[in-house]
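The values are calculated or read from the model by the stated rules, or taken from the named source; none is laboratory data. The model shown is predicted, which means the values in this text are computed figures rather than measured ones. Please note: Cβ atoms are built from the backbone with ideal geometry, for glycine as well, and neighbour counts cover all protein chains shown. To get the accessible areas, we keep the full protein, side chains included, count just its heavy atoms, and leave off ligands, DNA and RNA. Shrake-Rupley method; radii C 1.70, N 1.55, O 1.52, S 1.80 Å.
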Amino acid sequence: MSVMAVVGAQWGDEGKGKLIDELSARADYVVRYQGGGNAGHRVVYGDTEFAFHLVPAGILHPNVACVIGNGVVVDPRGLLAEMESLGQLGVDMSKLYISERAHVVMPYHAVLDRLEEESRGVEKIGTVLRGIGPAYVDKYSRVGIRMADLLDVDQFRAKLATVLAQKNRMITQIYNQQPLSLEEIHTEYVGYAQRLRPYITDTEARLHKAMTSGASILLEGAQGALLDVDFGTYPFVTSSSTVAGNASTGAGLPPRSIQHVLGVYKAYITRVGSGPMPTELFEGEGKALRDAGHEYGTTTGRARRCGWFDAVVGRFVARLNGFDSVAIMKLDVLDGFSTVKICTSYKLGDRELTTPPANTSELAACEPVYEEWPGWMTSTVGVTRWEDLPAKAQRYLQRVEELLETPLALISTGPGRGETIHRRELAL
Ligand code: IMP
């Protein structure tokens, strides 16, 4: 038996999709444990590029069963569209399982996400407008609708009537917008329930059985630790707990079952949406990084903000998650830079900080202190052996490893399956 959690270590978009796809070859189950359709994982296989939002990226492997865990919030319309487009690409959906306990993203969640964002004005978070925040609010307010409710037509109608009355009061009285129709939502969602019924099940029992019979289970994180609702750059965060500590709760597996936590970083850093990012670069180097790394969102197409590797937040996240090893993705994106920089501390007034301040305005005022490393100025695309990396790239990676205080296990040198250096063996 082995259970491994794969966790994003920056502001999301680290390349977890590619890794999950590769690691799935050794797994029996891949489980998403938090987030929703706000996530976007891109996987390149052969000539085809697959975009995942809710379905675990492991689905591309015919022998792997995939679970959307209880900690995920599921928009059935988005999920069905994703399942359909994967099906059209020849992907088998028969081994997808959705937790009965997963909460449902309803039309009023997306409406409120947009209205709340608009009302924030310049303070806006830059959410992906998929209703994720409002869905988690309802979960914790105990008015959420879960997959199990959706399957019980009468109970669903009663719950929906109560919650929709409350939401319509907000929509009409606070935001002066038109109310949503109970009949329309009910009919639409009963239709989704019928189509999703074969996939909705007691995933916790299934995973428990798999675990006790020795299966290998991969827990797939979405977003990244710097968007975690507790430890991220609050309030510019997502509404779920993205860190390894939640992998157990969100999948329904005991904490002690997780034997290995793999942290996924990019060789630089990116962010979408608002909020502080101390190593952000603008014109020139920022644009060069964005172009070289094709840094545009899988979910929204938005241009990502780009910057140098930030080892201050990097180490903070490694400690919080207790990473057993780390993966550094997209090394090849740095190939054309004559100098590469690593932020090793922040200057805040006359203070030097080696951990990020909790106060977000203070973090926004932090100036990065950089170490400069000579660039390797040669292609690393597709390199699969550590010995074949240019010495300067090896030195850069060794320095990152040292600053993160965690062994470097994997280095990605291209988007395709196999364009990966396995420097250390993983337990899975
Ligand atoms: P929300 O998750 O839609 O509420 O958005 C909150 C913040 O998280 C915004 O800054 C989003 O851009 C960011 N975010 C949400 N999902 C992802 C993701 O999968 N990758 C990167 N950023 C994300």
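Could you list, in sequence order, all residues of the stretch 118-152 that are surrounded by 18 or more Cβ atoms within 10 Å (Cβ to Cβ), within 11 Å of the ligand (Cβ to nearest atom) and in a helix (DSSP H, G or I)?
Those that are surrounded by 18 or more Cβ atoms within 10 Å (Cβ to Cβ), within 11 Å of the ligand (Cβ to nearest atom) and in a helix (DSSP H, G or I): 132, 133, 134, 135, 136.
Just checking, does the stretch 29-51 include any residue being of a type in the set (Lys, Arg), assigned to a helix (DSSP H, G or I) and modelled with pLDDT of 95 or more?
No, the stretch 29-51 has no match at all.
Name the residues in the stretch 371-396 that are of a type in the set (A, V, I, L, M) and surrounded by fewer than 19 Cβ atoms within 10 Å (Cβ to Cβ), would you?
Within the stretch 371-396, 377, 381, 391 qualify.
Name the single residue that is nearest to residue 310 (Cα to Cα) among those in the stretch 212-230 being hydrophobic (A, V, I, L, M, F, W, C) and open to solvent by 20 Å² or more (accessible area, probe 1.4 Å).
227
Being open to solvent by 30 Å² or more (accessible area, probe 1.4 Å) and either hydroxyl-bearing (Ser, Thr, Tyr) or within 21 Å of residue 20 (Cα to Cα) (or both) narrows it down to one residue among 197, 206; which is it?
Sole residue among the options that is open to solvent by 30 Å² or more (accessible area, probe 1.4 Å) and either hydroxyl-bearing (Ser, Thr, Tyr) or within 21 Å of residue 20 (Cα to Cα) (or both): 206.
Would you mind finding the one in 173, 177 that is open to solvent by 70 Å² or more (accessible area, probe 1.4 Å) and not in a helix (DSSP H, G or I)?
Going through 173, 177 in turn, just one is open to solvent by 70 Å² or more (accessible area, probe 1.4 Å) and not in a helix (DSSP H, G or I): 177.
Is there a residue in the stretch 181-191 that is among the β-branched types (Val, Ile, Thr), within 26 Å of residue 119 (Cβ to Cβ) and surrounded by fewer than 21 Cβ atoms within 10 Å (Cβ to Cβ)?
Yes, there is a match, as at least one residue in the stretch 181-191 is among the β-branched types (Val, Ile, Thr), within 26 Å of residue 119 (Cβ to Cβ) and surrounded by fewer than 21 Cβ atoms within 10 Å (Cβ to Cβ).
Restricting attention to the stretch 185-202, which residues are within 14 Å of residue 75 (Cβ to Cβ) and among the hydroxyl-bearing types (Ser, Thr, Tyr)?
Selection gives 189, 192.
Six or more apart or on different chains, Cβ atoms under 6 Å: show the pairs whose first residue is in the stretch 291-305 and farther than 25 Å from residue 78 by Cα and whose second is open to solvent by less than 50 Å² (accessible area, probe 1.4 Å) and at pLDDT 95 or above.
292/333; 293/333; 305/271; 305/277; 305/280
For every residue, the table says whether it meets (1) within 21 Å of the chain's Cα centre (by Cα); (2) open to solvent by less than 20 Å² (accessible area, probe 1.4 Å); (3) assigned by TED's automatic domain parsing to the domain that holds residue 168.
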site	(1), (2), (3)
74	yes, yes, no
84	no, no, no
88	no, no, no
113	yes, yes, yes
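I'm trying to understand the selection: among the residues of the stretch 27-50, which are basic (Lys, Arg) and open to solvent by less than 10 Å² (accessible area, probe 1.4 Å)?
Passing the criteria: only 32.
Report, by residue number, each residue of the stretch 90-111 that is open to solvent by less than 10 Å² (accessible area, probe 1.4 Å), in a helix (DSSP H, G or I) and touching a residue at least 40 places away in the same chain (Cβ under 8 Å).
108
Just to be sure before I move on: is residue 327 buried (at least 23 other Cβ atoms within 10 Å of the Cβ) and not β-branched (Val, Ile, Thr) in the structure I sent?
yes
Within the stretch 57-71, identify whether any single residue is within 14 Å of the ligand (Cβ to nearest atom), aliphatic (A, V, I, L, M), part of a loop (DSSP other than H, G, I, E, B) and farther than 18 Å from residue 139 by Cβ, and answer yes or no.
Checking the stretch 57-71: not a single residue is within 14 Å of the ligand (Cβ to nearest atom), aliphatic (A, V, I, L, M), part of a loop (DSSP other than H, G, I, E, B) and farther than 18 Å from residue 139 by Cβ.
Of everything in the stretch 6-26, what is under 21 Å from residue 248 (Cβ atoms) and either open to solvent by 10 Å² or more (accessible area, probe 1.4 Å) or outside the structural domain of residue 237 (by TED's automatic domain parsing) (or both)? Give them in sequence order.
Once the filter is applied, which keeps residues that are under 21 Å from residue 248 (Cβ atoms) and either open to solvent by 10 Å² or more (accessible area, probe 1.4 Å) or outside the structural domain of residue 237 (by TED's automatic domain parsing) (or both), the stretch 6-26 yields only 26.
Hey, can you tell me all the residues within the stretch 273-310 that are in a loop (DSSP other than H, G, I, E, B), surrounded by fewer than 18 Cβ atoms within 10 Å (Cβ to Cβ), among the charged types (D, E, K, R) and within 14 Å of the ligand (Cβ to nearest atom)?
302
So which residues in the stretch 208-266 are within 15 Å of the ligand (Cβ to nearest atom), touching a Gly at 6+ places or on another chain (Cβ under 7 Å) and assigned to a loop (DSSP other than H, G, I, E, B)?
Residues satisfying the conditions are 221, 222, 223, 224, 233, 236, 238, 239, 240, 242.
Say whether the condition of being assigned by TED's automatic domain parsing to the domain that holds residue 64 and closer than 20 Å to residue 139 by Cβ is met by at least one residue in the stretch 252-259.
Yes, the stretch 252-259 has at least one match.
Answer yes or no as to whether residue 270 is open to solvent by less than 10 Å² (accessible area, probe 1.4 Å) and under 17 Å from residue 7 (Cα atoms).
yes
Could you tell me which of the residues 412, 338, 361, 345 is of a type in the set (Ser, Thr, Tyr), more than 24 Å from residue 12 (Cα to Cα) and modelled with pLDDT of 95 or more?
Only one candidate passes the filter, namely 338.
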